[in-house]
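Encoded as structure tokens, the structure appears first; notes follow it.
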Amino acid sequence: ASTGTLINPFKSIPLGYDAVDALTVDKGSHIWDVISLGLALRDAGGSKGVTLTVPVGGFATEAGAGSVVLWDRAKALSLFNALKNDDAIPANLLPKT
């Protein structure tokens, strides 16, 4: 959500409505609440955000489901515990830049 997107009503209003459709909000929420949330997530505390996935441990085939992705249990628990405790994500789980 660049500044150009946010100040352009032809882009920001559809973006806000799409965000509302993607989130569960209460009746008192306004589109500006969603925009404010997006801005906070984009650059929380002046630091760059990090995008990552749950660590993959392998793949398997399950009857009735087909191919499935298996998490690396130890690394996944490490990630989820860091998120739960509001700790830094362990360096070995961060994407290499």
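Points to keep in mind about this one:
- For the stretch 40-78, the candidate set comprises residues that are among the basic types (Lys, Arg) and modelled with pLDDT of 95 or more; within that set, the residue that is surrounded by the most Cβ atoms within 10 Å (Cβ to Cβ) is 75.
- Of all residues in the stretch 75-97, those satisfying the criterion of being among the aliphatic types (A, V, I, L, M) and either assigned to a loop (DSSP other than H, G, I, E, B) or farther than 13 Å from residue 56 by Cα (or both) are 82, 83, 88, 89, 91, 94.
The values are calculated or read from the model by the stated rules, or taken from the named source; none is laboratory data. Here the structure is a predicted model, which means the values were calculated and not measured. Every residue, glycine among them, receives a Cβ derived from its backbone with ideal geometry; neighbour counts consider all protein chains shown.
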